[in-house]
Amino acid sequence: MTDRLRRVPWAALAAAVVLNATLAFENWWPTPAIVPLAQLAPEFLGLWLLLLVAAIGGVATRPRLISLVAACYMALVIGRYADVTSPALYGRPLSWHWDGKHLPDLIAGAIAQSAPWRVAAIVLGIAVGIVAGHRLLRWLIALLARAARPASRSALAWSTTALATAVVVAYLAGVQATWSWVSPPVLRGWWQQAALVWAARSPENLDEVLPPSPAFDSDLGAVADADVVLIFLESYGASTIDDAVLAHDLEPGRRKLGEAIARSGNTVVSAQIRSPTFAGGSWLTHAALLTGIDTADPARYPLLLASDRDNLVKRFRARGHRTIGLMPGMRGSWPEGSFYDYEQLITASELDYRGPRFGFWQIPDQYSIARLEALSSAAAEVDGRPRFIVFPTITSHIPFDPVPPLQPDWTRLLGPTPFDPAEVARVLARSPDWLALRDPYLRSLVYSFGWIGDWLERPTERERVVLIVGDHQPAAQVTGRDASWNVPVHLITSNTQLLDRIQRAGFAPGLAPLSPAIGDMPWLLRVLLDVFDSHAPVPAPGGHP
């Protein structure tokens, strides 16, 4: 036994573990840091197979080959880091198609706004990091390459490699039992990115992979003089109605919202609609409802935004509305947002929030809508057009805590001290508990119901039509197992014609629509286009839920 242990190439084994770990990791949300995964990286397995084959040919330890392989491997490591970090920090993955177009401008802008010494330090740091990283990888790969020669003559090494290869192939084929054993491959993401760039080269390529769009021929005459506000309420799922415990705990907040709607002179009708996503991927719901394209296959999303397809924002703008995207969760550039063609895009920087930061998402939804109203008042004095507003909220985003206090004095929200310090201290004392999400989830929705009710009671210069759409269910830790993908949708208005027409499509009075879902998001868009039209018939319920 001792002789066998002496023959084990421990240095090479340690190098293999480290090399695999450089590709098998995930983001430590919500920081730029990473945590390793006890999984097999497919690209590491590919490296080992390459070294085995090279060892048979007697070239595995050649310095030039090792240097080249190390450079390629480092590109994979950087790609993996970008893949897991960008969605965590910016809410979306990096895109070769979109970000590649704007990268030179972003770099030039960053350089222009930074001191020369800082730019030089960053460039030097990147250069040193690349050189040091390449040398470290080259040393580790050289250790592994020296072990590949004896391993290439070992039946045990080949059988173990064959087994690992079978597991990776099963993972790539979609076998669910292997998902916990294999980390997502970097090269598959690169292949998808390359396919997107290729498809975006011509509309014909995109039309081959995207289903047909609905007819955007509604004249929107029924809301021609109204402000139409589409609120995507984050993590608002049908479990808040179907789950008896959640429904009971939310009943006071839901009742207060209903009372506020009635006091505002409006009526609410509701339905359950099937979301294209569950517990995340809000943008898939946004796109499905605004374009009428089924995005249940996430691969369609980047292709859709690379196309010139029509959407609801463009339609409202063509019919004379001032279209506004209120995006408090968007902190950086959003080049693909040009697809929607908003006349005005209000991101976190434009909101200019200077109050206390509440969790990772920082900006309270109540402040965002208050700031929008302040910005819109000045614009309304210039052109007086009705508005179409799309507002994806963020306060009820996982992990939900800390939930901001509700501020009854809306004028104070925009001042230097939007909340009482004692209230802020009490709220910020709650740190997120990822193992106990139900209570903070409920608090975040009570907060959302509260500010929406208060906002609806605020005076408005014109008729207002409000559509509240849950983007997806919360995490399964809140919903429990086998929850549906349904979400509540509420239409709030005083326009009896709109209420009558959408009820003919299957909506029911009140805020608690029972299951099942009466349609999916693309079906809901077709309903809205007809309900908002002057004369079009309303589709019957049945959107393939």
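Assorted remarks:
- Among the residues of the range 475-513, those identified as open to solvent by 40 Å² or more (accessible area, probe 1.4 Å) and more than 18 Å from Ser235 (Cα to Cα) are Ser494, Thr496, Gln497, Asp500, Gln503, Arg504, Ala508, Pro509.
- Once the range 256-310 is narrowed to residues that are assigned to a loop (DSSP other than H, G, I, E, B) and either touching a Gly at 6+ places or on another chain (Cβ under 6 Å) or among the hydrophobic types (A, V, I, L, M, F, W, C) (or both), the residue that is surrounded by the fewest Cβ atoms within 10 Å (Cβ to Cβ) is Ala299.
- For Tyr81, the conditions (1) modelled with pLDDT of 85 or more; (2) open to solvent by 70 Å² or more (accessible area, probe 1.4 Å); (3) under 20 Å from Ala12 (Cβ atoms) all hold with the exception of (3).
- Residues in the range 335-350 that are touching a residue at least 12 places away in the same chain (Cβ under 8 Å) and either among the hydroxyl-bearing types (Ser, Thr, Tyr) or open to solvent by less than 40 Å² (accessible area, probe 1.4 Å) (or both): Pro335, Glu336, Gly337, Phe339, Tyr340, Tyr342, Ile346, Thr347, Ala348, Ser349.
- Each residue in the range 320-332 was checked for being in contact with a strand residue (DSSP E or B) (Cβ under 9 Å, 6 or more places away or on another chain) and either under 20 Å from Asp383 (Cβ atoms) or surrounded by fewer than 16 Cβ atoms within 10 Å (Cβ to Cβ) (or both), and 7 pass.
Conditions (1) farther than 12 Å from Met521 by Cα; (2) touching a helix residue (DSSP H, G or I) at 6+ places or on another chain (Cβ under 8 Å); (3) of a type in the set (Lys, Arg), marked per residue:
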| position | (1), (2), (3) |
| --- | --- |
| Thr277 | no, yes, no |
| Thr285 | no, yes, no |
| Asp294 | no, yes, no |
| Pro302 | yes, yes, no |
| Leu305 | yes, yes, no |
| Asp310 | yes, yes, no |
| Ala318 | yes, no, no |
| Ile324 | yes, yes, no |
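- Of all residues in the range 263-310, those satisfying the criterion of being out of contact with any strand residue (DSSP E or B) (no Cβ under 7 Å at 6 or more places or on another chain), within 16 Å of Leu467 (Cα to Cα) and among the hydrophobic types (A, V, I, L, M, F, W, C) are Ala287, Ala288, Leu290.
- Every pair of residues 6+ apart whose Cβ atoms lie under 6 Å, when the first sits in the range 402-420 and is in contact (Cβ under 8 Å) with a residue 12 or more places away in the chain and under 18 Å from Arg430 (Cβ atoms) while the second is hydrophobic (A, V, I, L, M, F, W, C) and open to solvent by 70 Å² or more (accessible area, probe 1.4 Å): Pro402/Leu428
- Those residues of the range 465-494 which are in a loop (DSSP other than H, G, I, E, B) and closer than 23 Å to Gly450 by Cα, in sequence order: Asp471, His472, Gln473, Pro474, Ala475, Ser494
- Selected residue (criterion: most open to solvent (accessible area, probe 1.4 Å)) from residues of the range 433-444 that are assigned to a loop (DSSP other than H, G, I, E, B) and of a type outside the set (Asp, Glu): Leu435
- Considering the conditions (1) surrounded by 12 or more Cβ atoms within 10 Å (Cβ to Cβ); (2) over 22 Å from the mean Cα position of the chain (by Cα), Thr393 is excluded by exactly one of them, (2).
- Against the numbered list (1) more than 21 Å from Ile518 (Cα to Cα); (2) assigned to a loop (DSSP other than H, G, I, E, B); (3) under 25 Å from the mean Cα position of the chain (by Cα); (4) touching a residue at least 12 places away in the same chain (Cβ under 8 Å), Val228 comes up short only at (2).
- Residues satisfying the stated conditions in the range 371-395, i.e. in contact (Cβ under 8 Å) with a residue 60 or more places away in the chain, small (Gly, Ala, Ser) and out of contact with any Lys or Arg (no Cβ under 9 Å at 6 or more places or on another chain): none
- Every residue from the range 44-66 that is closer than 23 Å to Ala82 by Cβ and either out of contact with any helix residue (DSSP H, G or I) (no Cβ under 9 Å at 6 or more places or on another chain) or open to solvent by less than 20 Å² (accessible area, probe 1.4 Å) (or both): Leu45, Leu47
- Set side by side, the residues Val182, Val209 differ, and just one is in contact (Cβ under 8 Å) with a residue 60 or more places away in the chain, within 28 Å of the chain's Cα centre (by Cα) and open to solvent by less than 60 Å² (accessible area, probe 1.4 Å), which is Val182.
- Residue check, Tyr447 hydroxyl-bearing (Ser, Thr, Tyr), in contact with a helix residue (DSSP H, G or I) (Cβ under 6 Å, 6 or more places away or on another chain), modelled with pLDDT of 90 or more and in a helix (DSSP H, G or I): no
- Cβ separations smaller than 7 Å between residues 6+ apart or across chains give the following pairs from the range 299-324 residues that are more than 14 Å from Ala224 (Cβ to Cβ) and without any contact (Cβ under 8 Å) to a residue 60 or more places away in the chain to residues that are among the β-branched types (Val, Ile, Thr) and open to solvent by less than 10 Å² (accessible area, probe 1.4 Å): Tyr301/Thr295.
- When Arg354, Arg371, Arg385, Arg430 are screened for being in a helix (DSSP H, G or I), of a type outside the set (Phe, Trp, Tyr), at negative phi and open to solvent by 10 Å² or more (accessible area, probe 1.4 Å), only Arg371 passes.
- Residues that are open to solvent by less than 60 Å² (accessible area, probe 1.4 Å) and either of a type in the set (A, V, I, L, M) or not in a loop (DSSP other than H, G, I, E, B) (or both), drawn from the range 22-43: Leu23, Ala24, Phe25, Asn27, Ala33, Val35, Leu37, Leu40, Ala41, Pro42, Glu43
- Answer from Tyr353, Tyr340 - the residue that is closer than 23 Å to Gln193 by Cβ and of a type in the set (Phe, Trp, Tyr): Tyr340
The values are calculated or read from the model by the stated rules, or taken from the named source; none is laboratory data. Quick caveat: nothing in here was measured; it's all calculated off a predicted structure. A quick note on method: Cβ atoms are made from the backbone with ideal geometry, for glycine too, and the neighbour counts reach across all protein chains shown. Only protein heavy atoms, including side chains, enter the accessible area calculation; ligands, DNA and RNA are left aside. Shrake-Rupley method; radii C 1.70, N 1.55, O 1.52, S 1.80 Å.
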